[in-house]
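The values are calculated or read from the model by the stated rules, or taken from the named source; none is laboratory data. All values derive from a computational prediction rather than experimental measurement. Here the Cβ positions follow ideal geometry from the backbone for every residue, glycine too, while neighbour counts run over all protein chains shown. Just so you know, the surface numbers come from the protein's heavy atoms only, side chains and all, with ligands and any DNA or RNA stripped out. Shrake-Rupley method; radii C 1.70, N 1.55, O 1.52, S 1.80 Å.
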Amino acid sequence: MTEKLVIIGAGMASGRVIEHLIEADPAAYDITLFNAEARGNYNRIMLSPVLSGEKIYADIVTHDADWYAANGVTTRFGAHVTKIDRGRKVVVSGGVDTPYDRLIIATGSAPFIIPVSGKDLPGVVTYRDLDDTNKMIAAAKPGAKAVVIGGGLLGLEAAAGLQLRGMDVTVIHIMGHLMERQLDPAAGYLLQRTLEARGIRVHCKGATKAILGDGRVEAVALEDGTIYGADLVVMAVGIRPEVRLANDAHLEVGRGITVGDQMQTSDPSIYAVGECIEHNKQLFGLVAPLYDQAKVLAKGLIGEDSAFRPVQTATKLKVTGCDLFSAGDFADAPGREDIVFRDPGRGIYKRLVLEGDKLVGAVMYGDTADGNWFFGLIKDATNVTPMRDTLIFGPAFQGGAQADPMAAVAALPPSAEICGCNGVCKGRIVEAIGGGAVTLDLVKAQTKASGSCGSCTGLVEQVLAVTLGDSFQRATSQPMCKCTDHTHEDVRRFIKAGAMKSIPAVMQELAWKTVGGCASCRPALNYYLLADWPLGYTDDRQSRFVNERNHANIQKDGTYSVVPRMWGGVTTPAELRAIADAADKYAVPMVKVTGGQRIDLLGVRKQDLPAIWADLNAAGMVSGHAYSKGLRTVKTCVGTEFCRFGTQDSTGLGIKLEKLLWGSWAPAKVKLGVSGCPRNCAEATCKDVGIVCVDSGYEISVAGAAGMDVKETELLCKVASEAEVMEVVAAFIQLYRENARYLHRIYKWVAKVGLDWCQEQVADPVVRRALYDRFMVSQSVYQTDPWAEHARPSARASWGVMADLALEAAE
Amino acid sequence: MNWLDIGALEDIPRQGARVVKTAQGCVAVFRTAADEVFAVDDRCPHKGGPLSEGIVHGNAVTCPLHTWVFSLKTGLAQGADDGAIATYPARVEAGRVLLDASRLARRAAA
Ligand code: SRM
Ligand SMILES: Cc1cc2nc3c(=O)[nH]c(=O)nc-3n(C[C@H](O)[C@H](O)[C@H](O)COP(=O)(O)OP(=O)(O)OC[C@H]3O[C@@H](n4cnc5c(N)ncnc54)[C@H](O)[C@@H]3O)c2cc1C
Ligand code: SF4
Ligand code: FES
């Protein structure tokens with residue numbers, strides 16, 4: 001029988017163990033994976049970009065439900081293991097026993113909480129997992145105050161993220177300079193200066209005395225008497241290995257769970273891996289050594305020999321705009337010498353620490369391009385005496401080479417480490433490229449290089465470029481258009497994170513390569529800006545495609561089609577008369593019933609548009625936006641009003657939805673259907689959003705398609721009342737408006753972010769309400785009839801010709 | 001040259017165009033983001049698209065029907081597409097847009 005392998009903790013370390021194990025022998029074990037968090041493995045170190053808004057959770061998931069299913073891993077997410085019973089060889093969770101033959105403890109670390117009064121007040125959070133991150137995001141109201149206790153890596157990433165979300169942030173750090181474990185005072189000072197320049201307050205040598213507040217956090221008091229107001233306090237003062245289960249089970253535990261070179265604990269059938277362990281008196285807090293441990297453990301589990309040997313690690317801070325790197329040991333000590341380079345104007349500082357003929361430490365700020373090269377010299381204990389004179393200028397200056405940007409990478413030896421997190425050296429990447437991995441994605445898939453914190457992505461691309469020459473194209477991140485190297489997704493994030501509020505500002509800040517963009521990026525930027533800043537941004541009509549500028553659909557002969565709204569597909573004799581009159585009056589060549597349950601007047605001349613709109617407006621009709629990236633139609637069936645099978649008032653609900661949603665611009669068109677029963681006469685199950693009424697309420701499903709692709713919708717959720725339908729649908733459409741890339745229909749966007757994620761967002765009542773509220777703010781500006789505006793007599797002149805020179809020219 | 005005042009610069013939206021009727025067909029008068037004006041035929045050589053309805057970027061316009069791009073200065077199609085539109089002298093003086101009617105007439109005669 002297959003042996004049972006139980007794993008406690010679905011973190012960065014155990015995720016790697018499972019990957020290696022399945023790669024080597026998928027049938028070796030019957031795996032059960034417990035995780036206290038209600039989700040599987042994600043890239044924890046990328047929580048900071050999620051916090052800052054530069055990424056979303058869906059971007060950082062490393063193993064999804066499909067992956068676990070495909071690889072036969074039984075998952076118990078949201079299940080805290082409370083006991084290991086070594087006698088019976090079972091673990092206990094929620095009162096249920098799960099037997100194991102072998103057990104892996106991979107419980108990671110717990111954040112350290114300083115034992116001051118007020119530490120348990122609501123509003124005090126730690127920074128460890130997605131739930132913490134979401135709590136911070138929810139608290140991050142622009143202008144609200146955040147105090148971050150701890151000026152180390154985590155604290156500063158939290159501070160930068162909260163500041164990007166508009167909070168007023170103060171960092172309190174107990175030591176004399178920031179990140180003292182990784183930086184010397186000079187680099188710490190430069191970092192502080194950069195953070196202060198963006199508006200983050202930094203208080204060094206600050207000891208927290210108490211957290212104050214009545215029922216909720218209000219302020220933080222320091223020993224020196226300073227008090228900082230706070231709506232949110234983030235405690236990021238350090239971590240300690242999560243060893244409680246091991247202690248209770250009487251395994252040998254020091255500061256962490258004691259393991260040997262094969263990751264075995266004092267019980268031969270139990271292993272431990274990751275931040276929860278102690279190996280040769282050493283603890284671990286970065287992923288690189290954990291990945292090595294995972295490799296060793298996976299080998300051991302299939303009977304192969306190997307031993308864990310910790311290697312040096314290097315640190316980078318994932319705060320956009322703060323470029324720092326540190327590796328090795330840079331404390332002052334007898335026999336050590338420094339080489340220092342400073343360029344105050346550009347804010348660059350580099351310091352190398354030499355001991356004898358070897359490099360033992362490197363700290364860099366402002367320009368870290370050569371970091372990995374120095375790191376390689378440290379790890380290999382290279383004799384640097386021959387190049388000592390030019391050492392600080394980096395690899396490009398060794399051997400008289402030219403200072404071209406690629407030279408540094410070209411000069412790296414095959415053994416140079418490129419990806420610190422995953423321990424991937426240049427030689428391995430070049431080998432993978434030789435084997436056909438000619439894109440960043442392929443290299444990532446085959447070697448894992450750039451797969452974790454991502455800070456080496458640029459280097460990996462440079463290795464690709466150096467190895468492949470001109471044939472390498474950075475194909476993975478398809479830029480928006482030829483005017484920029486940024487992707488749609490990046491531009492959206494930059495607009496939010498950098499509070500950019502005009503098209504020229506985006507083009508300036510993101511270094512657009514053309515003057516004034518092009519017909520592809522301008523409409524996209526205009527949409528992103530109006531969706532993100534409904535109140536602060538003014539719609540740029542000249543950046544819109546002709547149909548949205550003229551509020552009618554251009555035809556092949558330059559005439560237009562005009563489609564008035566017909567709410568839910570219901571009309572009246574009076575409306576039909578007005579349409580018939582307009583068709584006569586403006587000699588409309590064709591009147592046609594559309595596939596969207598309304599009437600199209602085709603072949604209207606541009607100069608007649610304002611007048612025909614005015615006539616239709618006078619009969620109570622408004623634009624049907626049949627031309628827009630926005631809400632089009634809500635198709636309905638007759639429902640309980642007339643149909644003998646109807647379960648709810650589908651017609652009435654469709655009309656209410658159309659009246660709620662019309663006028664809202666979206667990344668692409670949005671169509672709804674509401675059917676009164678599962679016979680589904682309104683074809684709701686192939687729409688962007690479809691509602692099928694049933695006896696017990698309403699099934700809301702999304703992401704259908706019936707155009708170039710045909711796809712059935714998927715269930716988003718089921719609700720009991722019309723009011724809930726309205727809130728869920730508006731919230732879901734707002735989620736789409738805020739996150740999708742321009743021109744992606746809902747089904748394409750959902751395929752990217754995952755239906756699960758969308759469900760989580762609308763299921764959470766707080767998130768849903770906030771989305772709904774933001775939608776309504778946008779509607780307060782955009783739910784207006786564009787026809788009425790342009791049909792005003794004062795606006796009409798601009799729809800005709802500017803001058804008629806026909807006579808003069810002929811004379 | 002026979003400069004004709006066809007209207008105020010303000011009558012043309014920035015990064016937009018207005019149409020002037022001539023005996024030979026419509027001419028689109030463009031105003032760029034930098035307030036330069038250009039006059040070209042309002043007919044795309046591809047399938048007759050109204051260029052005056054295109055998106056204006058830099059000194060170029062993208063046809064609204066099938067996205068050919070034309071330089072407003074030279075009238076030449078950009079990129080892979082092959083074609084050209086006629087261009088006419090135009091300038092701004094004291095906030096007024098002037099078109100050279102002699103050129104239009106000459107073309108009318110040809
Ligand atoms: C008028 C109408 C056809 C008709 O006579 O019935 C129509 C006409 C056009 N459709 Fe449509 N579609 C019409 C219903 C549909 C439907 C059916 C529906 O809505 O139930 C679909 C399939 C569902 C869907 O939306 O995918 C449909 C899928 C498309 C597509 C493919 C979209 C896709 O993502 O796959 C396009 C192309 C596009 O949008 O890029 C398109 C594009 C067009 C355009 C706008 C092409 C264009 O850019 O000029 C046509 C404009 C003609 C005009 O000037 O009015 N039309 N089109 C229908 C207007 C409905 C309305 O009242 O607003
Ligand atoms: C915001 C942030 C940024 C970081 N940035 C970097 C970086 O840039 N570079 C870097 O190298 N490292 C970084 N780190 C550190 C890195 O994330 C950790 O070293 C790594 O995640 C540790 O992996 P692990 O598997 O040991 O533990 P974890 O990834 O923490 O996983 C442990 C899991 O076990 C679960 N668990 C605990 N107890 C139980 C129980 N009793 N029952 C069931 N489940 C349990 C936990 O819920 C957790 O999901 C960062 C960490 C954070 C929080
Ligand atoms: S299917 Fe739609 S896009 Fe195609 S010709 Fe008919 S109306 Fe036009
Ligand atoms: S008509 Fe202008 S591009 Fe086709």
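Of note:
- The residue that is modelled with the highest pLDDT, counting only those in region A:154-206 that are of a type in the set (A, V, I, L, M, F, W, C), open to solvent by 10 Å² or more (accessible area, probe 1.4 Å) and assigned to a helix (DSSP H, G or I), is A:154.
- Qualifying residue in region A:795-805 (condition: part of a strand (DSSP E or B) and open to solvent by 60 Å² or more (accessible area, probe 1.4 Å)): yes
- Residue check, residue A:121 over 26 Å from the mean Cα position of the chain (by Cα), open to solvent by 20 Å² or more (accessible area, probe 1.4 Å) and among the aliphatic types (A, V, I, L, M): yes
- Scanning region A:512-529 for residues that are in contact with a strand residue (DSSP E or B) (Cβ under 7 Å, 6 or more places away or on another chain), within 11 Å of chain B (Cβ to nearest Cβ) and assigned to a helix (DSSP H, G or I) yields one hit, A:522.
- Among the residues listed as A:735, A:743, the single one being closer than 23 Å to residue A:491 by Cα and within 14 Å of another protein chain (Cβ to nearest Cβ): A:743
- Residue A:646 satisfies every condition listed in (1) touching a residue at least 24 places away in the same chain (Cβ under 8 Å); (2) part of a helix (DSSP H, G or I); (3) within 24 Å of residue A:724 (Cα to Cα) except (2).
- Subset of region A:702-732 [among the hydroxyl-bearing types (Ser, Thr, Tyr) and buried (at least 23 other Cβ atoms within 10 Å of the Cβ)]: A:713
- Subset of region A:1-11 [under 24 Å from residue A:423 (Cβ atoms) and either open to solvent by 40 Å² or more (accessible area, probe 1.4 Å) or in contact with a Phe, Trp or Tyr (Cβ under 8 Å, 6 or more places away or on another chain) (or both)]: A:7, A:9, A:10
- Of all residues in region A:207-221, none satisfies being outside the structural domain of residue A:105 (by TED's automatic domain parsing), touching a residue at least 24 places away in the same chain (Cβ under 8 Å) and under 27 Å from the mean Cα position of the chain (by Cα).
- Being in contact (Cβ under 8 Å) with a residue 12 or more places away in the chain and either within 16 Å of ligand 2 (Cβ to nearest atom) or more than 25 Å from residue A:544 (Cβ to Cβ) (or both) holds for only one residue in B:58, B:49, B:95, and it is B:95.
- Total residues in region A:634-664, condition of a type in the set (Ser, Thr, Tyr) and within 31 Å of the chain's Cα centre (by Cα): 1
- Sole exception among (1) open to solvent by 10 Å² or more (accessible area, probe 1.4 Å); (2) assigned by TED's automatic domain parsing to the domain that holds residue A:149 for residue A:245, by number: (2)
- Selected residue [at the interface with another protein chain (Cβ under 7 Å from one of its Cβ atoms), within 13 Å of the chain's Cα centre (by Cα), within 16 Å of ligand 4 (Cβ to nearest atom) and in a strand (DSSP E or B)] from B:40, B:61, B:19: B:19
Condition check ((1) in a strand (DSSP E or B); (2) modelled with pLDDT of 90 or more; (3) of a type in the set (S, T, N, Q)) across all residues:
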site: B:70; (1), (2), (3): yes, yes, no
site: B:74; (1), (2), (3): no, yes, yes
site: B:80; (1), (2), (3): no, no, no
site: B:92; (1), (2), (3): yes, yes, no
site: B:98; (1), (2), (3): yes, yes, no
site: B:103; (1), (2), (3): no, no, no
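- In the set A:230, A:288, only one residue is open to solvent by less than 30 Å² (accessible area, probe 1.4 Å), away from chain B (no Cβ under 14 Å) and more than 14 Å from ligand 2 (Cβ to nearest atom); that residue is A:230.
- Residue count, region A:344-357 (criterion: open to solvent by less than 70 Å² (accessible area, probe 1.4 Å) and modelled with pLDDT of 80 or more): 9
The rows are residues; the columns are (1) near ligand 2 (Cβ under 10 Å from one of its atoms); (2) of a type in the set (Ser, Thr, Tyr); (3) in contact (Cβ under 8 Å) with a residue 24 or more places away in the chain.
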{"position": "A:45", "(1), (2), (3)": "yes, no, yes"}
{"position": "A:54", "(1), (2), (3)": "no, no, yes"}
{"position": "A:65", "(1), (2), (3)": "no, no, yes"}
{"position": "A:72", "(1), (2), (3)": "no, no, yes"}
{"position": "A:107", "(1), (2), (3)": "yes, yes, yes"}
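- Wholly within region A:315-376, strands (runs of 3 or more DSSP E) carrying at least 3 residues that are more than 16 Å from ligand 2 (Cβ to nearest atom): A:336-343, A:348-355, A:358-365
- Residue A:651 being away from ligand 1 (no atom under 15 Å from the Cβ), in the same structural domain as residue A:746 (by TED's automatic domain parsing) and open to solvent by 30 Å² or more (accessible area, probe 1.4 Å): no
- Scanning region B:5-34 for residues that are among the hydrophobic types (A, V, I, L, M, F, W, C), open to solvent by 20 Å² or more (accessible area, probe 1.4 Å) and touching an Asp or Glu at 6+ places or on another chain (Cβ under 7 Å) returns B:19, B:26.
- Checking residue A:542 against (1) surrounded by 21 or more Cβ atoms within 10 Å (Cβ to Cβ); (2) within 14 Å of chain B (Cβ to nearest Cβ); (3) touching a Lys or Arg at 6+ places or on another chain (Cβ under 9 Å); (4) closer than 30 Å to residue A:780 by Cα, the condition it does not meet: (1)
- Restricting attention to region B:66-77, the residues that are more than 7 Å from chain A (Cβ to nearest Cβ) and within 16 Å of ligand 1 (Cβ to nearest atom) total 1.
- Hey, residue A:637 in contact with a helix residue (DSSP H, G or I) (Cβ under 6 Å, 6 or more places away or on another chain), closer than 24 Å to residue A:576 by Cβ, open to solvent by 10 Å² or more (accessible area, probe 1.4 Å) and modelled with pLDDT of 95 or more or not: yes
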